[in-house]
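Quick notes on the structure that follows.
The values are calculated or read from the model by the stated rules, or taken from the named source; none is laboratory data. The structure presented is a predicted model; accordingly, all values stated were derived computationally and were not measured. Positions of Cβ are generated from backbone atoms using ideal geometry, with glycine treated the same way; all protein chains shown enter the neighbour counts.
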Amino acid sequence: MDDATAQSAPQSTVIDSRRDADPPTPGRGTQLRRTWHKTLDPGAQSAVLSWAAFTTTFGAVRALTHWIRAGHGPAGGGMSVGGQHFHHYNIGIALLGAVGATAIRGSERHHKHPATALSYGLGTALIVDELALLLDLEDVYWAKQGRTSVDAAVMIIGLGGLGITGYAFWPEARKVIT
């Protein structure tokens, strides 16, 4: 089509050709988000987020404590308040207290809010990581007995729970990703 023909063509021709074009395909992130909301109700989403927070936090805290024990990080190894070692299970207890308060006084919107689910998983992981200390009431965090099996068991529980709670989402997510 030459310039004269293009200039004399009615504007509606140009608009009509645009209307017939396929809409852009959403990116994978958008597709995953849509699949997430389509396949999981808010309660299931909360469960998956909680398990993911638990698993990620537990792994990260174990890695961080090993890194600190190897001589990196703060002098004295870890957190202290007023010269006393501050165990991270205390943060976990505070987070679970906040989640409990949300369960008692929060609205339905707060009960299934992602921050509530993430706080629950994170707080639980901080407590479980120091479970041996709480059970024995002495600092046996680095004792050989039981640590390896506890680490393995908790990671299996974390990954297994993540798979189970999101069972409806994972096959659909795989379709989007591949």
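In the set (1) modelled with pLDDT of 85 or more; (2) closer than 29 Å to Thr30 by Cβ, Gly166 fails one condition alone, (1). In summary, Val140 fulfils each of the numbered conditions (1) within 26 Å of Ala153 (Cβ to Cβ); (2) assigned to a helix (DSSP H, G or I) with the single exception of condition (2).
Which ones in segment 51-100 are hydrophobic (A, V, I, L, M, F, W, C) and farther than 24 Å from Thr165 by Cα? Walk me through it before giving the result.
Residues of segment 51-100 hydrophobic (A, V, I, L, M, F, W, C): 51-54, 58, 60-61, 63-64, 67-68, 70, 75, 79, 81, 86, 91, 93-96, 98-99.
Within segment 51-100, Ala63, Leu64, Trp67, Ile68, Ala70, Ala75, Met79, Val81, Phe86, Ile91, Ala94 meet the criteria.
Looking across Val128, Val150, one residue alone is at pLDDT 85 or above and part of a helix (DSSP H, G or I). It is Val128. Across segment 27-64, the qualifying residues are those that are surrounded by 15 or more Cβ atoms within 10 Å (Cβ to Cβ) and of a type in the set (Val, Ile, Thr), and the one among them that is farthest from Ala173 (Cα to Cα) is Val61. The helices (runs of 4 or more DSSP H) found wholly in segment 1-85 and carrying at least 1 residues that are in contact with a helix residue (DSSP H, G or I) (Cβ under 8 Å, 6 or more places away or on another chain) and at pLDDT 85 or above occupy 28-39, 42-69.
Taking segment 111-125 as the region of interest, how many residues are among the β-branched types (Val, Ile, Thr) and either modelled with pLDDT under 90 or within 19 Å of Ile68 (Cα to Cα) (or both)?
Our first condition is that a residue be among the β-branched types (Val, Ile, Thr); within segment 111-125, this holds for 116, 124.
Now drop any that are not either modelled with pLDDT under 90 or within 19 Å of Ile68 (Cα to Cα) (or both), which leaves none.
Number of matching residues: 0.
Mind checking which residues of segment 73-104 are among the aliphatic types (A, V, I, L, M) and farther than 14 Å from Ala125 by Cβ? Before the answer, list the steps.
Initially, segment 73-104 is screened for residues among the aliphatic types (A, V, I, L, M), giving 75, 79, 81, 91, 93-96, 98-99, 101, 103-104.
Ala75, Met79, Val81, Ala98, Ala101, Ala103, Ile104, listed by residue number.
So that you can scan it fast, the table gives a plain yes or no per residue for (1) under 17 Å from Leu40 (Cβ atoms); (2) under 21 Å from the mean Cα position of the chain (by Cα):
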position: Ile91; (1), (2): no, yes
position: Thr102; (1), (2): no, yes
position: Leu133; (1), (2): no, no
position: Ala153; (1), (2): no, yes
position: Ile156; (1), (2): no, yes
position: Glu172; (1), (2): yes, yes
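Among the residues that make up segment 132-153, is at least one of them over 27 Å from His37 (Cα atoms), of a type in the set (Lys, Arg) and exposed (fewer than 11 other Cβ atoms within 10 Å of the Cβ)? Yes, that holds for at least one residue. Say whether the condition of being within 29 Å of Arg33 (Cα to Cα), of a type outside the set (Asp, Glu) and touching a Ser or Thr at 6+ places or on another chain (Cβ under 7 Å) is met by at least one residue in segment 49-56. Yes.
Restrict the check to segment 66-85 and report whether at least one residue is in contact with a Gly (Cβ under 6 Å, 6 or more places away or on another chain) and aliphatic (A, V, I, L, M). The answer is yes, given that some residue of segment 66-85 is in contact with a Gly (Cβ under 6 Å, 6 or more places away or on another chain) and aliphatic (A, V, I, L, M).
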